Amino acid sequence: MFEVRSRVRRTHVAVTLVAALLCGSLWSDSASAEVVQIVYTSDQHYGITRKSFRGEKKVPSATVNAAMVEAINRLPGLTLPPDDGVMAEKSVGWIDYVISTGDIANRMEGTPEKAPMTATACFELFMTQYGKGLTVKDRQGRPAELLAVPGNHDMTNAVGFFRPMYPEKDDGAMRAMTERATGEKPGKDFDPYARPVTLDREKGGLHLLLMGIWPDTASRKWMEEKLSAMPEGEPVLLFTHMPPDLTANRLTNPNGNHGLNAKDGFENLTPDVASVKKTVQRPLREHRELEAFLAAHPSICAYFHGHENYNEFYDWQGPDYTISLPTFRVDSPMKGDVSAGNETELSFLLITADTDTDRMTVREVLWNTDASDTITWGQTRTVSLAPEKK
């Protein structure tokens, strides 16, 4: 297992605030119209509390997420670090997209006496805080687009779990994300398995493909259709909830009637039936299928995911080592593997991609480094957007 970032030595580069009147002069020729900037976060987990946050104990998710939204809103006035990356030492200036890859709701494990926040209420709060609270804009002055796809908790709330939940099911978050993705309101017969939540966007010669849970069979079929219609060589970024090394328990139960039960422990989050009989086994067939798909589509330049809730920049090579795909794991404001115990490590990612130079820099934004609103830059990595140069 990859070491968590807390074990990696690094130097935090202090951020300099820049007055808005200077921003225009800092957008030089190198910061061309082909530069696309994305804020990436995941795992908001509305409905739970943090052990501590800024001097308070048992702090609600709404308070923590509101603070992170405030930090995102401050980005345009900050100066990027001297890391030799895209737009280094220039003003951030604009944001084109804000992306969340799910677990917006927490799993509704509870009882009538101690009822959790429902998936519906969680997504409504997310849309209030992020949908209405974000003020960042793109270079044309339009509001940055908020994009969201479901995580395993959102899906579990819709389809049920092998341990008791209260209510037993709530598909409100899944319905809302499906409606935002398709533009159509799901009917009474809504089936969360019938169509994966997918989104595709193109800007400045950069294509974004987003999907819920993991690139399963249905999502790969959808991606195949999108990729075949794109201009040859157009760089693609893939965003999803789960890491490429999906664990078997997320797949559909291969045993008996394929149902949810504590003995088998499968969660039935995708329609793909697991190739292994036990959740402790590694689903190599599924990993190989994803590896083969990515090898066949080198225009996919990077993979972004949440779920395991800590910041990490690594290369996914697949079980047979036929690829080496830059992969970026992002922290959670509520359930960080590191930041849950050390709030000064709370972070999200800023992606700055330049299709003129075929370079993309991903920077970790540490937004609570002294348990206040001080922002610093953490890890940074620059990769190629040109498939032939990978």
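The residue that is surrounded by the fewest Cβ atoms within 10 Å (Cβ to Cβ), among those in the stretch 290-320 that are within 17 Å of LEU209 (Cα to Cα) and of a type in the set (Gly, Ala, Ser), is ALA296.
The set of residues from the stretch 355-373 being farther than 13 Å from CYS301 by Cα and in contact (Cβ under 8 Å) with a residue 40 or more places away in the chain comprises ASP356, THR357, ARG363, GLU364, VAL365, LEU366, TRP367, ASN368, THR369, ALA371, SER372, ASP373.
Pairs meeting the criteria (first residue in the stretch 263-281 and touching a residue at least 12 places away in the same chain (Cβ under 8 Å), second residue surrounded by 20 or more Cβ atoms within 10 Å (Cβ to Cβ) and of a type in the set (Lys, Arg), beta carbons under 6 Å, at least 6 apart or on different chains) are GLU267/ARG250; LEU269/ARG250. Considering (1) in a strand (DSSP E or B); (2) within 14 Å of LEU349 (Cβ to Cβ), the lone condition that VAL59 does not fulfil carries the number (2). Within the stretch 50-62, being free of Cβ contacts under 8 Å to residues at least 24 places away in the same chain and either touching a Pro at 6+ places or on another chain (Cβ under 8 Å) or within 24 Å of MET155 (Cβ to Cβ) (or both) holds for one residue alone: PRO60. Scanning the stretch 332-354 for residues being buried (at least 23 other Cβ atoms within 10 Å of the Cβ) and free of Cβ contacts under 8 Å to residues at least 60 places away in the same chain gives a total of 3. Only a single item in (1) assigned to a helix (DSSP H, G or I); (2) more than 28 Å from THR380 (Cβ to Cβ); (3) under 18 Å from the mean Cα position of the chain (by Cα) is not met by ARG107, and it is number (1).
Of all the residues in the stretch 74-93, those that are more than 12 Å from THR380 (Cβ to Cβ) and over 23 Å from the mean Cα position of the chain (by Cα) number 5. If the requirement is being assigned to a loop (DSSP other than H, G, I, E, B), over 17 Å from the mean Cα position of the chain (by Cα) and either modelled with pLDDT of 95 or more or not small (Gly, Ala, Ser) (or both), which of these qualifies: GLU225, GLU202, GLU184? From the options GLU225, GLU202, GLU184, the qualifying one is GLU184. Name the single residue that is farthest from TYR40 (Cα to Cα) among those in the stretch 110-123 being in a loop (DSSP other than H, G, I, E, B) and β-branched (Val, Ile, Thr). That would be THR111.
Just one of the listed residues (GLU168, GLU184, GLU179, GLU202) is touching a Leu at 6+ places or on another chain (Cβ under 9 Å), among the acidic types (Asp, Glu) and either surrounded by fewer than 21 Cβ atoms within 10 Å (Cβ to Cβ) or under 22 Å from ASN309 (Cα atoms) (or both), and it is GLU202.
Can you find even one residue in the stretch 95-114 that is without any contact (Cβ under 8 Å) to a residue 40 or more places away in the chain and of a type in the set (Asp, Glu)? There is at least one residue in the stretch 95-114 that is without any contact (Cβ under 8 Å) to a residue 40 or more places away in the chain and of a type in the set (Asp, Glu).
Just one of the listed residues (GLY265, GLY233, GLY256) is more than 23 Å from PRO164 (Cβ to Cβ) and part of a loop (DSSP other than H, G, I, E, B), and it is GLY233.
Scanning the stretch 124-134 for any residue that is under 30 Å from ARG359 (Cβ atoms), assigned to a loop (DSSP other than H, G, I, E, B) and modelled with pLDDT of 95 or more turns up at least one such residue.
The values are calculated or read from the model by the stated rules, or taken from the named source; none is laboratory data. From a predicted model like this one, the values you see are computed outputs, not experimental measurements. Neighbour counts run over all protein chains shown; Cβ positions are idealised from the backbone, glycine included.
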